[in-house]
Amino acid sequence: MKNVAIVLAAGSGSRFGSPVPKQFLPLKGREVIEHSLDLFDSHTAVDEVAVVLNPQWRDHFEALAARRRWTKLTAILDGGAERWQSTLAAVRHYATHPDCNLLLHDAARPWLSASILQRVTDALLQHQAVAVAIPATDTLFRVAHGCIADVPPRAEFFCAQTPQAFRLDLLADAYRLALQDPSFVATDDCGVLHRYRPDVHIHIVHGSPDNIKITHPLDLTQE
Ligand code: C5P
């Protein structure tokens with residue numbers, strides 16, 4: 001089964017407070033997005049790579065891609081206003097390739113390692129859906145009306161990272177059902193699969209505390 005890495009890069013980075021979306025900011029001599037593209041392009045378990053962009057950044061990215069000549073980059077897709085709409089653009093693009101896995105990765109996570117990616121692709125040989133996560137290190141509060149409503153046992157909680165990888169047909173089916181639901185909201189694709197295809201077991205592989213999502217300016221200054 002083919003593994004297609006989808007680099008989600010259509011966000012505006014409004015929380016970051018920069019006019020340039022964080023995935024295009026410089027980080028150690030390359031733009032943030034180049035770090036994960038370089039890894040996917042060089043990793044033997046990845047067959048193809050697609051990037052999902054805000055169309056306003058297409059010219060910028062095409063110039064970058066012309067310079068870098070990633071050999072596995074086969075599609076540059078237009079994303080949507082919400083992250084799930086950017087995923088959906090990829091799901092629709094690959095709809096005619098049923099025998100593939102999509103590995104959806106945040107362009108804003110430049111420190112994905114080859115070993116995490118290997119764990120994901122190894123797990124895909126046995127599982128139809130794979131998530132990367134690390135145990136929560138901070139205690140979590142459930143808050144209601146500005147007060148603590150519950151302090152759940154921390155050992156039960158993991159923090160989600162990316163890539164999140166799925167058999168395309170299953171993810172497409174989950175999105176088909178989600179789009180029929182007027183109350184549909186999503187922050188990640190595991191949430192969509194878990195809600196609309198609860199019959200599918202999502203296998204967890206260990207991520208790394210380094211695999212952070214660039215969210216605040218300080219994140220770009222850390223090693
Ligand atoms: O906004 P957030 O930091 O959670 O975004 C995670 C990733 O999803 C980023 O790489 C961002 O570019 C991407 N994204 C997207 N389309 C959106 C919103 C976010 O591709 N509409």
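Before moving on, here are some points about what is shown:
- Extension reserve of the residue 199-residue 138 stretch, reckoned as 0.36 nm per residue once the Cα distance is removed: 18.9 nm
- Label-to-label distance, nm, for residues given as residue 92 and residue 215 (7 Å Cα→Cβ offset): 3.0 nm
- Taking 0.36 nm per residue of separation and subtracting the Cα-Cα distance, full extension of the segment from residue 148 to residue 179 would add 7.8 nm.
- Kirkwood Rh (inverse of mean 1/r, distinct Cα pairs), the stretch 68-113, angstrom: 12.3 Å
- Using only alpha carbons, the stretch 132-188 has a radius of gyration to Kirkwood radius ratio (Rg to Rh) of 1.10.
- Per residue of the chain, the DSSP helices (runs of n ≥ 4 H) give a summed -39500 (n - 2.57) that works out to -8500 deg cm²/dmol at 222 nm.
- Kirkwood estimate for the stretch 174-223, i.e. one over the average of 1/r between Cα atoms, Å: 13.6 Å
- At the listed q of 0.15, 0.16, 0.20 Å⁻¹, the Debye profile of the stretch 1-69, built from one uniform point per Cα, gives log10 I(q)/I(0) equal to -0.51, -0.57, -0.87.
- In nm, spacing of pseudo-spin labels at residue 159 and residue 113 (7 Å Cα→C-beta vector): 1.6 nm
- Probe 1.4 Å - accessible area at residue 72, Å² to nearest ten: 40 Å²
- With the convex hull of its Cα atoms as the shape, the chain has an orientation-averaged projected area of 13.3 nm².
- Of 190, 100, 159, the one that fluctuates the most in a GNM where the chain has Cα springs shorter than 10 Å: 159
- Charged-residue dipole, Cβ positions (Lys, Arg, Asp, Glu), the stretch 67-127 about Cα centre, Debye nearest 20: 340 debye
- Residue with peak Gaussian network fluctuation, the chain [Cα springs, cutoff 10 Å], from 194, 145, 35: 145
- For the stretch 9-66, the set of trypsin sites (Lys or Arg not before Pro) satisfying both a DSSP loop assignment and a count of at most 16 other C-beta atoms within 10 Å is given as 15, 28.
- Each residue was assigned an accessible area with a 1.4 Å probe, and for residue 59 the value is about 120 Å².
- Debye log10 I(q)/I(0) at q = 0.10, 0.11, 0.17, 0.18 Å⁻¹ for the stretch 79-207, Cα point scatterers: -0.36, -0.43, -0.97, -1.07
- Heavy-atom surface analysis with a 1.4 Å probe gives the stretch 43-135 a carbon and sulfur content of 50 percent of its accessible area.
The values are calculated or read from the model by the stated rules, or taken from the named source; none is laboratory data. In this text, all values refer to a predicted model and were calculated from it rather than measured experimentally. All Cβ positions, glycine included, derive from the backbone under ideal geometry; neighbour counts span all protein chains shown. Just so you know, the surface numbers come from the protein's heavy atoms only, side chains and all, with ligands and any DNA or RNA stripped out. Shrake-Rupley method; radii C 1.70, N 1.55, O 1.52, S 1.80 Å.
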